[in-house]
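Enquirer: Take a look at the following structure, please.
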Amino acid sequence: MRWLIVLLLATSAQTAVADATLRVCYNYGCLQEAEVRYSERQLALVGAFLAAAGDAADERDRLALVIGWLLGWAGEQSVIAADRGGNVADDGVDGRMDCIDHSLTTTRLLRMLDDRHWLRFHEVREPVLRTRYLFAAHFSAQIAEKVLEPTPDGVAATAKLHVVDSWFHDNGQPAVVMSLPEWLAGGGEVESALPALVAGMPAFGP
């Protein structure tokens with residue numbers, strides 16, 4: 001249970017990681033924004049947890065949880081705590097987030113992680129749009145798996161694209177991370193492959 005050991009060590013370690021501020025979007029179409037702060041302790045936990053990823057698939061599973069944590073911590077400081085999965089359960093509520101709010105905010109979170117060199121197997125891309133049934137448009141944050149080695153025939157491999165979609169579940173829950181082709185075909189309810197034990201947002205005292 002290597003990931004659990006890393007998680008426990010990270011929560012107790014006094015790692016020197018600078019805190020960070022970031023603006024989160026809400027109330028549909030990024031109509032409003034709130035500035036939130038992530039503490040050194042929170043970011044130390046995130047950095048250690050991602051550092052334990054053994055490969056790209058493992059990193060994606062960890063990203064699903066990390067994005068949930070970061071949005072949950074943002075909810076402790078802003079009205080986005082009221083956000084519920086989809087666009088129905090929180091209709092008209094201050095703090096609701098549509099797919100535009102989520103795709104922009106999650107992309108900002110991913111760039112924050114990438115700027116700290118915590119994404120070893122992926123790079124951040126611009127948000128992606130899918131359109132189904134003519135009018136059903138939906139946006140998501142997007143990452144590309146880094147191509148570390150050429151294929152056996154010497155031809156550069158094509159980067160595999162994935163979405164990090166935090167819109168489907170309530171605030172603080174793991175994001176949906178899946179391949180872009182599967183998402184474009186209508187996917188979006190896949191849960192993280194990591195045990196549910198770590199799916200809850202880590203709590204921090206004063």
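Enquirer: Has the stretch 78-92 got any residue that is assigned to a helix (DSSP H, G or I), out of contact with any strand residue (DSSP E or B) (no Cβ under 6 Å at 6 or more places or on another chain) and free of Cβ contacts under 8 Å to residues at least 24 places away in the same chain?
Expert: No, the conditions are met nowhere in the stretch 78-92.
One line per residue, one yes/no per condition, for (1) part of a loop (DSSP other than H, G, I, E, B); (2) at negative phi; (3) at pLDDT below 95; (4) touching a Cys at 6+ places or on another chain (Cβ under 8 Å):
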site	(1), (2), (3), (4)
H117	yes, no, no, no
P127	no, yes, no, no
D153	yes, yes, yes, no
A159	yes, yes, yes, no
D170	yes, yes, no, no
P181	no, yes, yes, no
P202	yes, yes, yes, no
G205	yes, yes, yes, no
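Enquirer: A further question on this structure: Quick one: in the stretch 102-117, which of the residues that are touching a helix residue (DSSP H, G or I) at 6+ places or on another chain (Cβ under 9 Å) and hydrophobic (A, V, I, L, M, F, W, C) is surrounded by the most Cβ atoms within 10 Å (Cβ to Cβ)?
Expert: Restricting to residues being touching a helix residue (DSSP H, G or I) at 6+ places or on another chain (Cβ under 9 Å) and hydrophobic (A, V, I, L, M, F, W, C), the top hit is L109.
Enquirer: Regarding the stretch 80-95, can at least one residue be identified that is in contact with a Cys (Cβ under 7 Å, 6 or more places away or on another chain) and of a type outside the set (K, R)?
Expert: Scanning the stretch 80-95, I find no residue that is in contact with a Cys (Cβ under 7 Å, 6 or more places away or on another chain) and of a type outside the set (K, R), so the answer is no.
The values are calculated or read from the model by the stated rules, or taken from the named source; none is laboratory data. Just so it is clear, the structure is predicted and the values come from calculations on it, not from any experiment. Glycine gets a Cβ as well: all are built from the backbone with ideal geometry, and neighbour counts include every protein chain shown.
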